[in-house]
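Worksheet: one structure, shown below.
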Amino acid sequence: MAIELPKLPYPKNALAPHISEKTLEFHHGKHHNAYVEKTVKLIEGTDLAGKDLETIIKKTAQDPAKAGIFNNAAQVWNHTFYWNCMKPKGGGKPSGAIAGRITSDFGSFEKFTDQFKDAGATQFGSGWAWLVEKKGRLEIMKTSNADTPLAHDIKPLLTVDVWEHAYYLDYQNRRPDYLAAFVGHLINWDFVNSLL
């Protein structure tokens with residue numbers, strides 16, 4: 001993944017009423033863009049200049065001296081991944097390979113959604129909830145701040161952003177309502193299937 005602000009895969013008003021155009025203007029245009037600009041500035045003149053995001057994330061993840069680079073680069077990657085995890089008229093029960101994998105690894109789609117929403121709701125402070133593939137099985141994980149499964153050699157398949165800037169304009173402090181809308185109306189299961 002390149003260090004750039006990608007175009008959204010849909011118009012800014014396409015996820016309404018679940019995520020408003022105003023939220024996407026701030027979240028994509030301001031927050032995501034700021035992470036891109038900071039990453040470019042921080043790696044300028046270093047051995048990381050010209051590297052892709054995945055390489056930068058893996059080379060800086062365990063180095064406290066490079067925490068600033070890691071935090072910004074990981075947030076660029078996490079956000080680009082998050083935009084692709086959503087689509088207009090998405091959500092609900094999946095089809096394709098992911099549907100069978102969810103049933104076999106979680107017991108049912110309902111058990112998966114309960115665990116996924118719970119991970120997002122109980123992530124203290126800022127962070128992310130993820131559906132990942134680890135050692136051939138699907139699992140739910142959550143990460144704080146900018147942390148990402150990539151930094152732990154775990155394959156991400158789906159994420160939801162639970163930083164307040166992702167939902168506060170639309171849901172205020174009702175994070176569970178945002179998570180219910182994400183699962184019920186926004187998940188891009190085609191994208192998830194493409195990663196299996």
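Bear in mind that the values in this text are calculations on the coordinates, not laboratory data. Note that the structure is predicted; figures quoted are calculated from it, not measured. No Cβ is skipped: glycine too gets one built from the backbone with ideal geometry, and neighbour counts run over all protein chains shown.
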(request) Read phi for every residue in the stretch 151-164 and hand back ³J(HN,Hα) as whole Hz from Karplus 6.51 cos²θ - 1.76 cosθ + 1.60, θ = phi - 60°, with x for Gly and Pro. (result) 5, 10, 6, 10, 8, x, 10, 7, 9, 10, 7, 10, 5, 4
(message) Can you compute the modelled spin-label distance between residue 104 and residue 7, with each label point 7 Å from Cα toward Cβ, in nm?
(response) 3.8
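Could you give the dipole magnitude of the stretch 21-84 about its Cα centre, charging the beta-carbon of Lys and Arg +1 and that of Asp and Glu -1, in debye to the nearest 20?
On the way: 8 positive and 8 negative charges, 25 e Å.
It works out to roughly 120 debye.
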(request) Mind listing the long-range amide H neighbours of residue 155? Cut-off is under 5 Å, sequence gap 5 or more, other chains count too, H placed in the peptide plane at 1.01 Å from N. (result) 133
(request) Above 23 angstrom, tally the Cα pairs of the stretch 87-196 and express them as a % of all pairs, no decimals. (result) 23
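Cα convex hull of the stretch 21-84: mean projected area in nm², to one decimal?
If you wrap the Cα atoms of the stretch 21-84 in a convex hull and average its projections, you get 4.4 nm².
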(request) Using every pair of alpha-carbon atoms in the stretch 33-128, split the distances into 5 Å bins beginning at 0 and state the percent of pairs per bin, rounded to integers. (result) 2, 11, 16, 17, 14, 12, 12, 10, 5, 1, 0
(request) Pop a pseudo-label 7 angstrom from the Cα along the beta-carbon direction at both residue 174 and residue 26 and give the gap in nm to one decimal. (result) 1.7
(request) Work the Kirkwood hydrodynamic radius out for the chain: mean of 1/r over every pair of different alpha-carbon atoms, inverted, in Å. (result) 17.0
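Where in the stretch 116-189 are there chymotrypsin sites (Phe, Trp or Tyr not before Pro) that are in a DSSP coil and have at most 16 other Cβ atoms within 10 angstrom of their Cβ?
Details: sites: 116, 124, 128, 130, 163, 167, 168, 171, 178, 182, 189; in loops: 124, 163, 167.
When the chymotrypsin sites (Phe, Trp or Tyr not before Pro) of the stretch 116-189 are filtered for loop state and at most 16 Cβ neighbours within 10 Å, 124 remain.
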(message) Rounded to whole Å, give me the distance from the Cα center of the stretch 102-157 to that of the stretch 1-53.
(response) 22
(request) Only residues of the stretch 117-160 count here: report those whose backbone N is under 19 Å from the spot 7 Å along Cα→Cβ of residue 93, or say none. (result) 117
